[in-house]
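Reviewing the structure listed below.
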Amino acid sequence: MWGSGLVKRTRILFGAAAFGAAIATGVVTAAPANAALQAIAVDSLPGYGSSSNGSTNYAMYGAGCAYRLSVLVGDPRSAKSNLKVTDTVNGRTVTVYDRKPQTVEVKPIWRPATPGRHVLTATLDGVVKTRTVTVGTGIQLPQFIRNGTCFVLPTY
């Protein structure tokens with residue numbers, strides 16, 4: 001009698017442990033429900049300034065210049081929505097890119113139109129990533145001058 005009760009309790013304990021392990025494994029190894037938007041960054045280097053007060057232009061991009069963005073997507077084939085990249089400055093939002101991702105690194109061109117604090121936003125399957133950058137007045141140089149970099153006018 002004592003033996004069959006012990007067997008029953010042992011089965012219950014092992015059954016509960018196995019069920020708990022199965023749930024834990026399912027939670028840990030469950031695949032993401034989306035394409036896993038990972039990051040947004042500006043690939044192109046910021047422009048350079050013309051004054052000795054260069055520290056004010058550090059990491060500043062130029063309005064009127066073109067920059068390559070880098071948006072990382074973990075699994076583009078599983079994307080359910082378009083990858084949408086926007087630029088917001090002074091309450092005005094402009095769409096930079098709006099298509100299904102085809103590769104793990106999408107590289108749209110961004111051309112800020114006005115100086116100010118720009119918020120670059122990437123959205124895919126409900127996941128949102130942002131990057132805030134400072135944009136000054138810029139002049140896009142021809143390709144044969146410093147590879148077409150942007151000359152950003154000094155700010156004071």
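The values are calculated or read from the model by the stated rules, or taken from the named source; none is laboratory data. These numbers were taken from a predicted model, which means no experiment stands behind them. Backbone-built Cβ (ideal geometry, glycine too); neighbour counts: all protein chains shown.
Can you tell me which residues in segment 83-105 are part of a loop (DSSP other than H, G, I, E, B) and exposed (fewer than 13 other Cβ atoms within 10 Å of the Cβ)?
Residues satisfying the conditions are N90, G91, Q102, T103.
Of the residues that sit in segment 104-145 and are charged (D, E, K, R) and free of Cβ contacts under 8 Å to residues at least 40 places away in the same chain, which one is farthest from A59 (Cα to Cα)?
Among them, the one singled out is E105.
Looking only at segment 107-133, count how many residues are charged (D, E, K, R) and surrounded by 17 or more Cβ atoms within 10 Å (Cβ to Cβ).
Matching residues across segment 107-133 total 2.
In segment 109-133, what count of residues is obtained for those that are more than 15 Å from the chain's Cα centre (by Cα) and not hydrophobic (A, V, I, L, M, F, W, C)?
Residues in segment 109-133 being more than 15 Å from the chain's Cα centre (by Cα) and not hydrophobic (A, V, I, L, M, F, W, C): 6 in total.
Based on what the data block shows, is G136 in the same structural domain as L69 (by TED's automatic domain parsing), surrounded by fewer than 17 Cβ atoms within 10 Å (Cβ to Cβ) and either at pLDDT below 95 or more than 15 Å from the chain's Cα centre (by Cα) (or both)?
No, not satisfied.
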